[in-house]
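Read through the structure below, which is laid out as structure tokens, and then see the notes.
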Amino acid sequence: MDFPAFPDAPPLLTQEEKHELSLPKCSISRYKAIIEEKTTIFNDLFHSLYPIEKLVKGLSSFYDEVMQAAWTSKALNSEPHVSLVAVGGYGRGELHPKSDIDLLILMENDISAPKDKIEAFITFLWDINLDVGHSVRTIDECSEMAAKDITIITNLIESRTLIGPIDLLATLKLHVDISQMWDGHSFYQAKLAEQKQRHAKYQNTAYNLEPNLKECPGGLRDMQVIDWVAKRHLHTHRLSALIDKHFLSEDEYIQLKGAVSHLWRIRWALHMVAGRKEDRLLFDHQRTLTKLFGFDDDDLKRNVERFMQGYYQSVAAIQQLNDLLLQHFEESFLAKDAINTVEVINDHFQIANGQLEARSKTLFHDNPSSMLEIYVLLGAHENIKGIRANTMRQLRDSLDLIDDAFRNDKINTDLFLDIIASRYRLTSILRSMKHLGLLGRYLPEFGAIIGQMQHDLFHIYTVDAHTLQLVENLRRLWLPEFKQKFPISGQAIRHVAKVELLYIAGLYHDIAKGRGGDHSELGCVDAQAFCERHGLSKQDTDLVVWLVRNHLFMSVTAQRKDISDPEVIWEFASYVKDQEHLDYLFILTVADINATNPTMWNSWRASLMRQLYLETKRALRRGLDFPIDADMISDEHKQRALEIIIERNVDIMEAEAIWETIEEEYFIRSNGDEIAWNTEAILRHRPSDKPLIAITPLGGRNFSGASKIFIYTLISKHLFAVTAATFEQLGLTILDAKISHTTDNYSLDSFVVMDSNDSDTNLHLDKERITLIRKTLMEQLETPSLYESVVQRHTPRILKIFNSPSTAHFVSQPEEVWSALEITAPDRPGLLALIGQFFMNNNIMLHKAKIATLGERVEDTFYITEENGDLITDPESMNNICTLLKEKIDRFSQTMD
């Protein structure tokens, strides 16, 4: 093949190839063969570390020639009133292997449009498997649409003629010029609004664990926003021109170009690996790209971390410079017609046109403490809009002044505590300090977690992004619009003595992630050092350290233990000890769960947290010397049930006769409403020899997405296995399960279920769905031999990536009623049915199950006995059960992948 050798230029078409492709008789297969051949050469050059800028530009040039040849082959080159125009990224002359090729077929008017030829041209491009986006418009249509649509005017800014009369595009550009529409300021405001909306889709953080390298904050789109605004506002077509216009320094320009080049290399590799247009750095792609980028030692987890930290450094640089340049643009627009207003705050700072600025060009060098003082002022004055670009640049250039002496200076430690106590915009301040690099300099332990991966699906952010999201959640609890979603924690935070202690605990709760060992214990050391360095009292220090050590304790208790058990509540209350610690821990836990993943906080988890908090509060009021009496709880629940039954005109004698047959544990762990509902359903059940299946949504707004399914039927070994398999088939996730028995050989099974996507957007089950559930359950319960083939759901891609060995072990309980078996395993469709089958085959009776799915793994507790009701206590039997169950689960997980 005849093309310039590496490293001079990437491959283009030879003269012979151009001629061949331009002929009307050139076949689709020939086009495909040449494109495939050249693509392979481009990818080989990529592997040879050929400059990515030349590859991206070169691929665009190659497709220019393909388009020109195809246009000619369809005889469109002879049309004097039609031209082919590249727009969008292709218009910029930038293409990655699977990028969209955006085209505008521009016509002088409709009258002269060769529609048959145009249709044949577009069809041909699709036939040769090009991802082409196209529009066919006249000059007037383009002008009219561009005046209304920011996307269209943006595409036209980056347009260029590929083939055809060049005067058509020149005329169009006169029509859409800044003097005709979208002046610099209105264009800037529209692109800024677009960027804010786009960032919000990614929770305003660049530090997602599966980021979109194009659309996330700090991604390639942010770079393009800078480019678009510069072209429209400054009439420049070179990013380097921003240096001449004093918007960028030379070092900043080099940093920006380096970051973009890095993301371009990742994007090129991603398109190669995925074999399609793909901008998401999914976990499975991260592992492949890690090797491609030379991280190839034996520690895959560490390799991925190193690769991703390089990615996060690049997006952080783009995000930082995007903020800086957009601030520059804002100031340049305001300066045109604004009346300068200056309000002097103190010797160091003033407010100029709403922006905070340093009064001296050497302020931070002369007085390094001002680097913290500026953020104190930002948090104290509601009317300040932000920090001026030149002041931000001066601040960034002074960061090397932060050393141990700076960190230990009482002036600075006091200033930092003032920042933590900010009245306004605390989380914006902390994020700004992080983006700038100041927060990581002042708190080196925080700097160590910036970009720190979390290898699970429970979290969707890096450690630093999760931490700042937690602080933001704490601030949100004060806002009226969050009162309905967080009524109790919103009330509790208003009663804590020192809310800033929550912010400090939030900053340090995960500070030791990535070090190995128990991060809660390791984090206590850093938290203690912070508190002592900043002069907190011993009492406040002890509270912060306690919160860091125990930040997981309440969520683990609520999700993995039976909080309907009075002994569990008493044990938790005894550890918490007083209302103050309970309030602080509850608030921190709610904020933490909501900062891990937006889908993790649902009505069920909210109800568990609320129940644990309120029951513990009651226990503390009663006094720890007076544990809750189980018989008293049972009597209270029965009394409440009787009141409801009387209101509904249910025969009390018949109800109590049923109660006489049910084991006492049922009344301890079921509230009065549930007992009344179950009792009424049993009394009205006809025919009684068929299984009873009752379904109802859980009561009130607190359970918007969960429903309860009650099954009353004769005891059988297969009952749980069949039920779990059927729920899987129906797309229902079991959140909680309680199994009770009667003296006349009946089982009362209560399940709390939610749609498997775990979203509150799926409200209560409708009548049609309830009918289907009842019908399917009835069929499966009456024909249990069919249940093993019920589960046919596909294992989601993201679950397949995380396949760790399962664990199974027995744990002691406060009160030994049943033996408790804890199982952790990769989350797979059909897992509960598998466990149920194991219990059935090994003559194990299930009484209760606590189901907790945390990201990619399940952490379930099953309360079991021998088939005759005896506790499982023999060490050999316990070990045998755990070993066999683990083997079964591990084989199952591997086959599901």
Problem - Hits in segment 359-387 - residues which are touching a His at 6+ places or on another chain (Cβ under 7 Å) and either more than 17 Å from Leu438 (Cα to Cα) or assigned to a helix (DSSP H, G or I) (or both) - result: Arg359, Leu363, Ser370, Glu373
Practice task
Inspect segment 484-504 for any residue being assigned to a helix (DSSP H, G or I) and without any contact (Cβ under 8 Å) to a residue 12 or more places away in the chain and give the result as yes or no.
Solution key: yes
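crowded, with 18+ Cβ neighbours inside 10 Å, touching a helix residue (DSSP H, G or I) at 6+ places or on another chain (Cβ under 7 Å) and not assigned by TED's automatic domain parsing to the domain that holds Asp592, is that true of Ile493?
no
This table checks each residue for (1) of a type in the set (A, V, I, L, M); (2) modelled with pLDDT under 95; (3) not assigned by TED's automatic domain parsing to the domain that holds Leu103.
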site: Phe6; (1), (2), (3): no, yes, yes
site: Ala9; (1), (2), (3): yes, yes, yes
site: Cys26; (1), (2), (3): no, yes, no
site: Lys54; (1), (2), (3): no, yes, no
site: Leu76; (1), (2), (3): yes, yes, no
Exercise for the section: Looking only at segment 505-530, count how many residues are within 21 Å of Val590 (Cβ to Cβ) and part of a helix (DSSP H, G or I). Expected result: 8
Practice task
Sort out which residues of segment 659-679 are surrounded by 19 or more Cβ atoms within 10 Å (Cβ to Cβ) and either over 17 Å from Lys738 (Cβ atoms) or among the polar types (S, T, N, Q) (or both), and write them in order of number.
Solution key: Ser670, Asn678, Thr679
Handout entry: Neighbours by Cβ (under 9 Å, 6+ apart or cross-chain): first from segment 388-404, not assigned by TED's automatic domain parsing to the domain that holds Leu321 and acidic (Asp, Glu); second assigned to a helix (DSSP H, G or I) and surrounded by 19 or more Cβ atoms within 10 Å (Cβ to Cβ)
Key = Asp397/Phe364; Asp400/Arg441; Asp403/Arg441
Exercise for the section: Being crowded, with 23+ Cβ neighbours inside 10 Å and touching a Lys or Arg at 6+ places or on another chain (Cβ under 8 Å) is the filter here, so list the residues in segment 97-107 that pass it. Expected result: Leu104, Leu106, Met107
Practice task
Taking Thr616 as meeting all but one of (1) surrounded by fewer than 18 Cβ atoms within 10 Å (Cβ to Cβ); (2) assigned by TED's automatic domain parsing to the domain that holds Ser564; (3) of a type in the set (Val, Ile, Thr), write down the number of the exception.
Solution key: (1)
Completion exercise
Condition set within 33 Å of the chain's Cα centre (by Cα) and outside any helix (DSSP H, G or I), scope segment 388-401, selection surrounded by the fewest Cβ atoms within 10 Å (Cβ to Cβ): answer is Asp397
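Let's see how each residue does on (1) under 31 Å from the mean Cα position of the chain (by Cα); (2) surrounded by fewer than 21 Cβ atoms within 10 Å (Cβ to Cβ):
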position	(1), (2)
Gln320	yes, no
Glu331	no, yes
Asn340	no, yes
Asn346	no, yes
Phe364	no, no
Asn367	no, yes
Glu382	yes, yes
Gly386	yes, yes
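Out of segment 133-160, which residues are of a type in the set (Val, Ile, Thr), buried (at least 18 other Cβ atoms within 10 Å of the Cβ) and closer than 16 Å to Ser83 by Cβ?
Thr138, Ile139 - these are the residues of segment 133-160 that are of a type in the set (Val, Ile, Thr), buried (at least 18 other Cβ atoms within 10 Å of the Cβ) and closer than 16 Å to Ser83 by Cβ.
Can you name the residue in segment 69-86 that is outside any helix (DSSP H, G or I) and among the aliphatic types (A, V, I, L, M) and, of all such residues, is surrounded by the fewest Cβ atoms within 10 Å (Cβ to Cβ)?
Here the answer is Ala75.
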Handout entry: Selection from segment 189-213 of residues that are closer than 15 Å to Gln319 by Cβ and polar (S, T, N, Q)
Key = Gln195, Gln203, Asn204, Thr205, Asn208, Asn212
Problem - Near pairs, Cβ below 9 angstrom, 6+ apart or cross-chain, from segment 45-70 (within 19 Å of Lys32 (Cβ to Cβ)) to any residue that is surrounded by 20 or more Cβ atoms within 10 Å (Cβ to Cβ) and among the hydroxyl-bearing types (Ser, Thr, Tyr) - result: Leu59/Ser99; Tyr63/Tyr90; Asp64/Tyr90; Val66/Tyr31; Ala69/Tyr31; Ala70/Tyr31
Practice task
Identify, from the list Glu65, Glu37, the residue that is outside the structural domain of Lys214 (by TED's automatic domain parsing), loosely packed, with under 15 Cβ neighbours inside 10 Å, of a type in the set (Asp, Glu) and assigned to a helix (DSSP H, G or I).
Solution key: Glu37
Problem - Breaking point among (1) in contact with a Leu (Cβ under 6 Å, 6 or more places away or on another chain); (2) in a helix (DSSP H, G or I), for Met632 - result: (1)
Completion exercise
Selection from segment 815-848 of residues over 32 Å from the mean Cα position of the chain (by Cα) and outside any strand (DSSP E or B) yields Glu815, Glu816, Val817, Trp818, Gly836, Gln837, Phe838, Phe839, Met840, Asn841, Asn842, Asn843
Exercise for the section: Kindly indicate whether Leu356 is hydrophobic (A, V, I, L, M, F, W, C), farther than 27 Å from His246 by Cβ, touching a helix residue (DSSP H, G or I) at 6+ places or on another chain (Cβ under 9 Å) and buried (at least 20 other Cβ atoms within 10 Å of the Cβ). Expected result: no
Exercise for the section: Would you check which residues across segment 229-252 are of a type in the set (A, V, I, L, M), touching a Lys or Arg at 6+ places or on another chain (Cβ under 9 Å) and farther than 19 Å from Met181 by Cβ and list them? Expected result: Leu239
Handout entry: Single match in Glu580, Glu567, Glu571 (criterion: modelled with pLDDT of 95 or more, surrounded by fewer than 20 Cβ atoms within 10 Å (Cβ to Cβ), assigned to a helix (DSSP H, G or I) and assigned by TED's automatic domain parsing to the domain that holds Ile488)
Key = Glu580
Handout entry: Residue in segment 410-424 that is closer than 21 Å to Asn597 by Cβ and surrounded by fewer than 23 Cβ atoms within 10 Å (Cβ to Cβ) present
Key = no
Exercise for the section: Specify which of the listed residues (Ile798, Ile889) is more than 15 Å from Ala724 (Cα to Cα), within 32 Å of the chain's Cα centre (by Cα), part of a helix (DSSP H, G or I) and modelled with pLDDT under 80. Expected result: Ile798
Practice task
Would you confirm whether any residue within segment 429-450 is under 23 Å from Val376 (Cβ atoms), surrounded by fewer than 22 Cβ atoms within 10 Å (Cβ to Cβ), within 28 Å of the chain's Cα centre (by Cα) and among the polar types (S, T, N, Q)?
Solution key: yes
Practice task
With the condition kept exactly as written, say whether any residue in segment 424-437 is over 30 Å from Phe247 (Cα atoms) and not in a loop (DSSP other than H, G, I, E, B).
Solution key: no
Handout entry: Matching residues, segment 87-100, being within 32 Å of the chain's Cα centre (by Cα) and assigned to a helix (DSSP H, G or I)
Key = Gly88, Gly89, Tyr90
Problem - Unique residue being under 25 Å from Val136 (Cα atoms) and modelled with pLDDT of 95 or more when the list is Ala113, Ala86 - result: Ala86
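The values are calculated or read from the model by the stated rules, or taken from the named source; none is laboratory data. Since we're looking at a predicted model, the values are computed, not measured. Here Cβ is always computed from backbone atoms with ideal geometry, including for glycine, and neighbour counts include all displayed protein chains.
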